[in-house]
Amino acid sequence: MSTPAPSHADEAAISPVRALFGGAVAEGLVFPYPEIAAEERETVSAFLESFRDFARDQIDPGAIDREHHVPDKVVKGLADLGAFGMNIPEAYGGYGFSASAYCRATEEIARTDASIGILVGGHQSIGLKGLILFGTEEQKRKWLPRLATGEMIAAFALTEPEAGSDAASIRTTADYDAATDTFTLNGNKHWISNGGFAQFFTVFAKDTKLEAKDEHRRITAFAVTKDLGGIVPGKEERKLGLKGSSTVPVEFQNVRVPASHVLGERGQGFKIAVEILNTGRTSLGAGCVGGSKEMIRRAAEQATQRRQFGTRIADFEMIRGKFARMVTSTYALESMVYLTAGLVDRGLMDYSLEGACCKVFGTESVWQNINDALQIAGGNGFMEEYPYERALRDSRVTRLESWETMRRARSRATSLRRSSRGSRHSSPPRRRSSPSMGGRSAAPSRPCFASTGRGSSRRNTSRSAWPMPPSTCTRPWPRFRARRRPSPGEVGTNPMQSCESPSPSSPTPSTASSRT
Ligand SMILES: Cc1cc2nc3c(=O)[nH]c(=O)nc-3n(C[C@H](O)[C@H](O)[C@H](O)COP(=O)(O)OP(=O)(O)OC[C@H]3O[C@@H](n4cnc5c(N)ncnc54)[C@H](O)[C@@H]3O)c2cc1C
């Protein structure tokens, strides 16, 4: 018996971008625009305020760039603020920020310094994300509390000299020995962010004893800690930008990893890598929002102070045009990022297309915005004394793979459309397991939300299911000061707007959003 064909409305309910590919608007998902719960908004506001105070006193982005190093006192200060535990559930000693709150914090950190953004993002957006998503209770209790405090810093080790975009072609091996129930890891990873000092690595390796038709199904993910021995970081890379972040090759020399360190199932590693990278794309977009806003703020300062031909350069039509473009793309990106994050918080199961949009549009927009800001600054924009040239160098890296991300997203959307069309005449499309880095399996026949009740997010659902961990999970760091609750006049309807107070020293062009 054939299953009834999905209606236009059913398709739209799967994901907003997928609906758009089919010419539909997913009204049920897009309206009302997602909001952060009031309680969390207050926590995020307090975190942001403390972070800004700390950044003003302690972070010198120019020095980080020149000295190729984030000073230890800054790393310690970030740890004291709890910045390494933002997306770690409270039960394991973190803040348990929702995706929206995490994006908001990422925005602020990235706008302050991109190298610090990589340090903090490499740690939790990708380094430990696999442990949160796929770890067992025992694994989480063992490592998350120390990762939340920054006692352990995490890194994500997928790329190899011969395996970049084509991650399925990795050569690092994991040989299983049933007698000792351990794997022996051998291989070379490269360009690993935080790799120079990380204590915890999410490592992907070919599971040699695993029989599988497709190569990518032989990849297993491991939680590998430095104390196992045999992990040898190489020399720091000299890079175009992000000079303060650690980027190194890491060699795994006969590393004996107990089977209890496998994340998820054996052979699930590729799926795990894809899932981690999907979640990281939305917060990467948030970092681009932060970078764009900082550039608009700086450019506005420059344009209102600099006079040529007897007038402020801000009054020239071409300069105004640049502000219009910068503000428009930033507003679009901000809307896209926080809609996606809000849907993740409400339990949207498949946001791979939305994440790809955040990454591609974000990385293209921030590049264009920095370039416009540099142009507005004129010759100053070219000088190291000003932040523009550094911002341009720092932002270049994310565009390296953005077109590949979009290509994969496009091909995924096409195949979703095909499978959806087919379903009108037969059974619903099956869950697709694709080796594509850009996509996650689609299951149009399942509900799009883990839970449908308003406010009953996936985060909250999962949190209540977690038993309390041992006493080591209490937060040992002095958390940021709790600030007063914002008065109603300060809290806008835009959930993100309410998370920050505008900087009094930031001249803002009249066309800019109040958050720039
Ligand atoms: C600063 C920095 C930090 C990094 N941090 C990490 C990390 O922490 N962990 C980690 O595992 N990796 C990390 N990487 C690696 C990064 O993820 C890879 O650089 C990325 O996957 C691309 O691989 P590649 O550089 O080998 O390029 P390649 O895969 O060789 O691609 C080269 C070019 O070809 C394009 N291309 C590839 N395939 C296609 C296709 N099918 N169609 C069209 N175009 C295509 C790409 O878009 C790119 O422009 C980092 C890289 C850098 C530069």
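The values are calculated or read from the model by the stated rules, or taken from the named source; none is laboratory data. As the structure is a computational prediction, the values presented were derived from the model and not from experiment. Cβ atoms come from the backbone with ideal geometry, glycine included; neighbour counts cover every protein chain shown.
Listed conditions (1) on the phi < 0 side of the Ramachandran plot; (2) modelled with pLDDT under 95; (3) touching a strand residue (DSSP E or B) at 6+ places or on another chain (Cβ under 9 Å) are all met by Ser352, apart from (3).
Among the strands (runs of 3 or more DSSP E) confined to region 125-209, the ones with at least 3 residues that are within 16 Å of the ligand (Cβ to nearest atom) are located at 154-157, 182-193, 200-207. Here is the figure for region 210-250: residues that are charged (D, E, K, R) and either within 14 Å of the ligand (Cβ to nearest atom) or more than 28 Å from the chain's Cα centre (by Cα) (or both) total 8.
Would you confirm whether any residue within region 313-325 is touching a Ser or Thr at 6+ places or on another chain (Cβ under 6 Å), surrounded by 22 or more Cβ atoms within 10 Å (Cβ to Cβ) and over 27 Å from Val30 (Cα atoms)? Looking through region 313-325, at least one residue is touching a Ser or Thr at 6+ places or on another chain (Cβ under 6 Å), surrounded by 22 or more Cβ atoms within 10 Å (Cβ to Cβ) and over 27 Å from Val30 (Cα atoms). Take Trp143 and decide whether it is in contact with a strand residue (DSSP E or B) (Cβ under 9 Å, 6 or more places away or on another chain), of a type outside the set (D, E, K, R) and on the phi > 0 side of the Ramachandran plot. Judged against the criteria, Trp143 is not a match.
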